[in-house]
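The values are calculated or read from the model by the stated rules, or taken from the named source; none is laboratory data. Please read these numbers as outputs of a predicted model, since none were measured by experiment. Please note: Cβ atoms are built from the backbone with ideal geometry, for glycine as well, and neighbour counts cover all protein chains shown.
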Amino acid sequence: MLITIETRDLVRIFKHGDKEFRALDKVSIQVPEGVIYGLLGPNGAGKTTLIRILTTLLLPSDGDAYVGGYHVVRDANKVRKIINLVSGGERPGYGILTVRENLMYYGQVYGLSWGETKRRIEEVNELLHLDEFLDKRLNSISTGMMQKYALARGLLNHPQILFLDEPTLGLDVQNARHIRRVIKHLIEDKEIRTILLTSHYMAEVEELCDIVSIIDRGRIIATGSPDELRKMVKDEIIYNIDVRLSDIDRIRILRRFRTVVGYTIKTRQLTGEARIRMILSGEDIARIIRTLEEENIHVLRVTRDEVSLEDVFLRLVGRGLEDEYE
Amino acid sequence: MSNRLSWFINRFLRPAFGRAYVRIKGGNREPSWILWEILLPLIMITSVIWAYENMGAPEFFKGFVIIGGAMMSYWYNVLWGMGRTLYWEKETGNLEVFLLSDAPLPSLLLGMALGGMFNTTLRSIAVIILGVVVFKAEFNVDYLPLAILIFILTLVALYGVGLALSGLHIVYGRMGVRINELLDEPIMFLSGQYYPISTFPMALQYIAGLIPLAVGLDGVRRALLFSEGIDALWLHVLVLFILMIVFYPIGLRILNKIVERGRMDGRLILRWI
């Protein structure tokens with residue numbers, strides 16, 4: 001098994017005045033060739049910092065990192081030849097130029113000739129279906145189109161290794177689905193040899209990734225295939241409890257139960273409901289429901305569910321992926 | 001083709017061409033540039049010439065103003081324009097994408113400068129046409145090749161200074177813009193945009209000799225207005241040549257150091273500073 005990306009005890013510290021913030025704390029990962037490798041973690045976990053070090057935009061404070069066999073500090077230019085990065089929600093480019101003109105520019109930046117760039121644009125066009133906006137100005141296209149354009153830019157230089165930082169951030173369901181399909185296709189058709197993807201969308205990581213590392217507060221806390229990770233909570237039971245949004249303040253009562261390993265709350269403003277996703281270490285649901293009702297919390301529905309990566313995260317970290325740091 | 005030449009063409013000139021393409025294509029897509037780049041500078045030039053006429057200054061002063069006005073816009077585009085555009089590139093995230101490639105940063109800056117020069121050339125042509133047609137300024141075109149040589153050496157020397165100053169924008173962000181503005185007026189004063197630097201005390205003339213534009217402007221003026229040839233202007237050519245070979249490596253070294261520091265402390269990709 002050929003390892004294309006490797007970090008060894010990677011540390012990154014940001015200093016601001018007297019204060020220090022440890023964004024990465026001895027991160028060690030190994031990414032084999034031919035896989036989509038996911039980094040799953042909440043905002044501020046260190047995913048983007050790690051990607052920026054691997055793409056040579058940022059220097060590590062300590063430790064080593066290799067991409068395609070090259071050291072990211074000592075052989076930075078060799079790394080840059082074989083990689084590209086696409087970040088979700090970013091809008092790099094020149095608004096006054098068309099999408100095609102922007103891609104022509106990036107072709108020159110990547111060292112392609114004018115003719116090669118034109119051919120390459122046609123190739124990525126076939127893959128991403130850019131026709132409808134290829135000749136529109138960049139400042140006039142939608143978010144979904146922008147993300148397709150960003151991906152096209154990322155593929156222009158035939159990278160061996162593609163870094164995708166939150167590739168579907170801010171996209172609607174349909175566009176996100178399309179981008180995910182393309183990402184899968186890139187690996188299946190060997191267009192790209194390896195993809196390292198960061199996301200805080202658990203479903204995205206589950207759908208796309210062969211191997212997942214869960215990262216939190218700069219530390220890798222678990223690594224494995226989605227199935228292997230899910231097995232980490234094989235002894236627990238997952239329940240979804242739907243309640244009224246107005247009752248949500250009193251839900252802290254769940255902390256009284258020893259069997260409640262952890263829970264996350266997702267609110268649905270439109271329906272006026274909230275869903276509590278709960279990990280139980282034992283079959284205690286009847287007692288929990290009874291207690292909730294005694295506290296005048298109106299339980300609307302109770303369903304048992306399969307283990308997801310979010311539950312793994314909750315089990316390991318003690319809070320949900322979308323919860324803010326305390 | 002040697003590896004070095006191949007690298008220079010593909011990894012230096014090609015990205016520079018790409019960035020110049022962006023500047024020229026984007027700059028000319030909206031016609032408002034005509035107002036900023038041509039009409040406003042013409043008003044400035046006209047007002048200075050009228051002031052000289054009313055003061056009864058010698059006729060050749062008109063030529064001074066015309067050449068000063070035409071060359072000063074290159075100064076802005078090469079020296080200040082590079083840094084300002086780089087700051088903008090950083091804020092929009094374009095710099096981050098550029099730095100992901102193995103193209104050297106000076107190629108991006110060269111592209112910005114070359115692209116800026118395209119519109120600047122149109123401005124300069126407009127200034128010269130205004131001077132010749134409206135104000136009847138006279139130039140000796142026999143010495144045009146020498147003036148062009150001095151002009152090109154000046155631009156290359158300025159490019160070296162521009163590399164170093166661009167780094168300020170990466171590290172200091174908005175403060176880099178302020179530092180540029182702080183340097184702007186003294187350098188304008190010492191370059192002698194609208195008057196001959198020979199009117200300065202000797203000490204100031206020596207200081208001005210370190211500014212490529214001051215030497216270049218003086219050389220071009222003396223060639224085109226006073227019909228001085230290489231026998232009189234060899235020192236100008238030599239000084240500019242020395243400034244060129246000194247400023248470029250120094251500028252490059254400073255820029256590389258600043259970029260490295262930016263990678264270390266994260267400022268290279270940090271925005272809104």
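Would you pick out the residues in region B:29-57 that are within 14 Å of chain A (Cβ to nearest Cβ) and either in contact (Cβ under 8 Å) with a residue 60 or more places away in the chain or of a type in the set (D, E, K, R) (or both)?
Step one: filter region B:29-57 for residues within 14 Å of chain A (Cβ to nearest Cβ), giving B:29-33.
Correct list: B:Arg29, B:Glu30, B:Trp33.
Taking region B:105-117 as the region of interest, how many residues are closer than 19 Å to B:Leu168 by Cβ and more than 9 Å from chain A (Cβ to nearest Cβ)?
The number of residues fulfilling the criteria is 7.
Please indicate, with yes or no, whether at least one residue in region A:112-123 is closer than 19 Å to A:Arg193 by Cβ, away from chain B (no Cβ under 12 Å) and outside any loop (DSSP other than H, G, I, E, B). Spell out how you get there, then give the answer.
Step one: list which residues in region A:112-123 are closer than 19 Å to A:Arg193 by Cβ, which gives A:120, A:123.
Still in the running and away from chain B (no Cβ under 12 Å): A:120, A:123.
With outside any loop (DSSP other than H, G, I, E, B) added as a condition, the list becomes A:120, A:123.
There is at least one residue in region A:112-123 that is closer than 19 Å to A:Arg193 by Cβ, away from chain B (no Cβ under 12 Å) and outside any loop (DSSP other than H, G, I, E, B).
Residues of region A:74-111 being more than 8 Å from chain B (Cβ to nearest Cβ), over 24 Å from the mean Cα position of the chain (by Cα) and not in a helix (DSSP H, G or I), which ones?
The answer is A:Arg74, A:Asp75, A:Gly95, A:Thr98.
State the number of residues belonging to region A:184-204 that are surrounded by 23 or more Cβ atoms within 10 Å (Cβ to Cβ) and at pLDDT 90 or above.
5
Working only within region A:205-225, note down all residues that are of a type outside the set (D, E, K, R) and surrounded by 21 or more Cβ atoms within 10 Å (Cβ to Cβ). Give the steps one after another, and end with the answer.
Restricting attention to region A:205-225, the residues satisfying the condition of being of a type outside the set (D, E, K, R) are A:205, A:208-209, A:211-215, A:218, A:220-225.
If the condition is that a residue be of a type outside the set (D, E, K, R) and surrounded by 21 or more Cβ atoms within 10 Å (Cβ to Cβ), then A:Val205, A:Leu208, A:Cys209, A:Val212, A:Ser213, A:Ile214, A:Ile215, A:Gly218, A:Ile220 are the ones that fit.
Out of contact with any strand residue (DSSP E or B) (no Cβ under 7 Å at 6 or more places or on another chain) and either hydrophobic (A, V, I, L, M, F, W, C) or free of Cβ contacts under 8 Å to residues at least 12 places away in the same chain (or both), is that true of A:Arg52?
On the way: out of contact with any strand residue (DSSP E or B) (no Cβ under 7 Å at 6 or more places or on another chain): yes; either hydrophobic (A, V, I, L, M, F, W, C) or free of Cβ contacts under 8 Å to residues at least 12 places away in the same chain (or both): yes.
So A:Arg52 fits the description; yes.
Which condition breaks for B:Ala137 when tested against (1) buried (at least 21 other Cβ atoms within 10 Å of the Cβ); (2) assigned to a helix (DSSP H, G or I)?
B:Ala137 satisfies all of (1) buried (at least 21 other Cβ atoms within 10 Å of the Cβ); (2) assigned to a helix (DSSP H, G or I) except (2).
Filter region B:12-39 down to residues that are outside any helix (DSSP H, G or I) and not acidic (Asp, Glu) and give me whichever is nearest to the chain's Cα centre (by Cα).
Quick first cut of region B:12-39, residues outside any helix (DSSP H, G or I) only: B:28-32.
Checking the rest, the ones that are also not acidic (Asp, Glu) come to B:28-29, B:31-32.
Working: B:Asn28: 20, B:Arg29: 23, B:Pro31: 23, B:Ser32: 22 Å.
My answer is B:Asn28.
Quick check on B:Leu110: is it more than 24 Å from B:Val220 (Cβ to Cβ) and surrounded by fewer than 24 Cβ atoms within 10 Å (Cβ to Cβ)? Let's see the steps before the verdict.
Details: more than 24 Å from B:Val220 (Cβ to Cβ): no; surrounded by fewer than 24 Cβ atoms within 10 Å (Cβ to Cβ): yes.
No: the conditions fail for B:Leu110.
Could you say whether any residue in region B:252-262 is more than 14 Å from chain A (Cβ to nearest Cβ), of a type in the set (Lys, Arg), surrounded by 14 or more Cβ atoms within 10 Å (Cβ to Cβ) and part of a helix (DSSP H, G or I)?
no
Before we move on, is B:Glu96 at pLDDT 80 or above and touching a Pro at 6+ places or on another chain (Cβ under 8 Å)?
On the way: at pLDDT 80 or above: yes; touching a Pro at 6+ places or on another chain (Cβ under 8 Å): yes.
So B:Glu96 passes the test.
Can you find, within region A:240-291, the residue that is surrounded by the most Cβ atoms within 10 Å (Cβ to Cβ) among those that are touching a residue at least 60 places away in the same chain (Cβ under 8 Å) and under 22 Å from A:Val317 (Cα atoms)? Give the derivation first.
Of region A:240-291, the ones touching a residue at least 60 places away in the same chain (Cβ under 8 Å) are A:240-242.
From what's left, under 22 Å from A:Val317 (Cα atoms): A:240-241.
Details: A:Asn240: 14, A:Ile241: 23.
Among those that are touching a residue at least 60 places away in the same chain (Cβ under 8 Å) and under 22 Å from A:Val317 (Cα atoms), it is A:Ile241.
In region B:179-193, is there at least one residue being surrounded by fewer than 18 Cβ atoms within 10 Å (Cβ to Cβ), touching a Ser or Thr at 6+ places or on another chain (Cβ under 6 Å) and in contact (Cβ under 8 Å) with a residue 24 or more places away in the chain? Let's see the steps before the verdict.
Quick first cut of region B:179-193, residues surrounded by fewer than 18 Cβ atoms within 10 Å (Cβ to Cβ) only: B:179, B:181-186, B:188-189.
Remaining after also requiring touching a Ser or Thr at 6+ places or on another chain (Cβ under 6 Å): none.
Scanning region B:179-193 turns up no residue that is surrounded by fewer than 18 Cβ atoms within 10 Å (Cβ to Cβ), touching a Ser or Thr at 6+ places or on another chain (Cβ under 6 Å) and in contact (Cβ under 8 Å) with a residue 24 or more places away in the chain.
Can you spot a residue in region A:32-45 that is out of contact with any strand residue (DSSP E or B) (no Cβ under 9 Å at 6 or more places or on another chain), more than 19 Å from A:Asn157 (Cα to Cα) and outside any loop (DSSP other than H, G, I, E, B)? Spell out how you get there, then give the answer.
Let us first name the residues in region A:32-45 that are out of contact with any strand residue (DSSP E or B) (no Cβ under 9 Å at 6 or more places or on another chain), namely A:43.
Pick out the ones that are also more than 19 Å from A:Asn157 (Cα to Cα) and you get A:43.
Checking which are outside any loop (DSSP other than H, G, I, E, B) leaves us with none.
No; the residues of region A:32-45 include none that is out of contact with any strand residue (DSSP E or B) (no Cβ under 9 Å at 6 or more places or on another chain), more than 19 Å from A:Asn157 (Cα to Cα) and outside any loop (DSSP other than H, G, I, E, B).
Tally time: how many residues in region B:8-28 are at pLDDT below 85 and either over 17 Å from B:Thr120 (Cβ atoms) or more than 9 Å from chain A (Cβ to nearest Cβ) (or both)?
Total satisfying the criteria: 1.
Consider A:Arg100 against the criteria (1) under 23 Å from B:Gly27 (Cβ atoms); (2) surrounded by 22 or more Cβ atoms within 10 Å (Cβ to Cβ); (3) modelled with pLDDT of 95 or more: it satisfies all of them except one. Which criterion is unmet?
(2)
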